[in-house]
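To start, the structure under review is shown below, and the notes come after it.
Each reported figure results from applying straightforward, stated rules to the coordinates on display, with no laboratory input. The structure presented is a predicted model; accordingly, all values stated were derived computationally and were not measured. As a convention, Cβ positions derive from the backbone with ideal geometry for all residues, glycine included, and neighbour counts pool all protein chains shown.
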């Protein structure tokens with residue numbers, strides 16, 4: 001099943017949800033106001049939209065995520081690689097690492113990842 005698209009402002013809201021879930025919708029209103037500067041109406045609108053798209057559920061005023069942080073990150077990254085780098089993971093990695101010196105540990109992690117795909 002494909003992960004529903006989560007837009008940037010929704011993603012910032014989901015970061016709050018993932019950190020605090022399960023959480024009451026009232027508490028989310030308070031957290032969104034403190035961390036995002038959102039009004040009560042904006043928060044409830046986002047909760048409703050995300051629930052309609054199957055990203056979270058709001059049951060008896062308790063909000064829980066139906067999409068994990070890892071699933072959302074993977075989906076966002078795949079979309080960016082497809083749109084920006086024409087689906088080329090090597091082009092993405094080259095652009096990402098250009099101008100940033102990778103540590104020996106990071107290089108080794110990348111080698112292990114590539115090796116795991118070759119097995």
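GNM on the chain, C-alpha springs below 10 Å: top fluctuator among 108, 79, 71?
108
Out of 74, 100, 57, any idea which swings most in a Gaussian network model of the chain, alpha carbons joined below 10 Å?
In this elastic network of the chain, the residue with the biggest mean-square fluctuation among 74, 100, 57 is 100.
Sorted by average packing, counted as other Cβ atoms within 10 angstrom per residue and highest first, what order do 26-36, 59-69 take?
Values: 26-36: 15.8, 59-69: 13.6.
The most tightly packed comes first, giving 26-36, 59-69.
With angles folded into 0 to 90 degrees, how steeply does helix 8-20 sit against the dominant principal axis of the chain? Use alpha carbons for both and round to 10.
Value to nearest ten degrees: 80.
Using alpha carbons only, how many degrees (0 to 90, rounded to 10) separate the axis of helix 69-85 from the longest principal axis of the chain?
50
To the nearest 0.05, what FRET efficiency results for residue 93 and residue 118 with a Förster distance of 22 Å applied to their C-beta separation? Before the final figure, lay out the partial values.
Working: r = 16 Å, r/R0 = 0.72.
Efficiency computed from Cβ-Cβ geometry: 0.85.
Hey, what number do you get for the chain at 222 nm if only DSSP H runs of n ≥ 4 count, each worth -39500 (n - 2.57), divided across all residues, to the nearest 500? Mind dumping the intermediate values first?
Working: 6 runs with 79 residues, N = 119.
It lands at -21000 deg cm²/dmol.
Take the Cβ-Cβ distance between residue 109 and residue 73 as r, set R0 to 22 Å, and report the resulting FRET efficiency rounded to the nearest 0.05.
0.85
Top mean-square fluctuation among 73, 52, 109, Gaussian network model of the chain, C-alpha springs under 10 Å?
Residue with maximal mean-square fluctuation among 73, 52, 109: 109.
Angle, helix 104-118 long axis vs. longest principal axis of the chain, Cα atoms, 0 to 90°, nearest 10?
The two axes meet at around 90 degrees.
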